[in-house]
Amino acid sequence: MADSLPDGAARDGGRTTPLSQLPVKGRVLCQGRIESITYVPADRTAAFSAIVSESEPGRRGPAAVRHPRLRVVWLGRRRVPGIEAGTELRLEGMLSQSQGLPTMFNPRYEILSRQENE
């Protein structure tokens, strides 16, 4: 997969930055769980986005909103295989701010685990 982290990236001792300590901009390596995904209508420019958080899976309500969050956007794609709500990822890319949230466009990623469907 072209977007995934290179072999050994997870084992190279690289430290992930907690979402609560992300800088305003710059290259970062971070980790979190997909909280939600957004699909755009077919008549709009292709983009697939997800909100990543450090909150525990299944946590709901006002307390969950206070957890740091990161928006991840894959431009030119309507879907990214393996990326769905509940998936835990390690992400690497350039960080910027967009609509009040730290945002990464077209990050490299590694799927760490997936939520089991019941």
Which Cα, out of L95, L112, P68, lies furthest along the positive dipole direction of region 67-116 (beta carbon charges, K/R +1, D/E -1)?
L95
Sequence-separation-based contact order of region 25-113, relative, with Cα cut under 8 Å and 6+ spacing, percent
35 percent
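Every number here is computed from the coordinates shown, using simple stated rules; none is lab data. All values derive from a computational prediction rather than experimental measurement. Don't worry about glycine lacking a Cβ; one is built from the backbone with ideal geometry, like all the others, and counts go over all protein chains shown.
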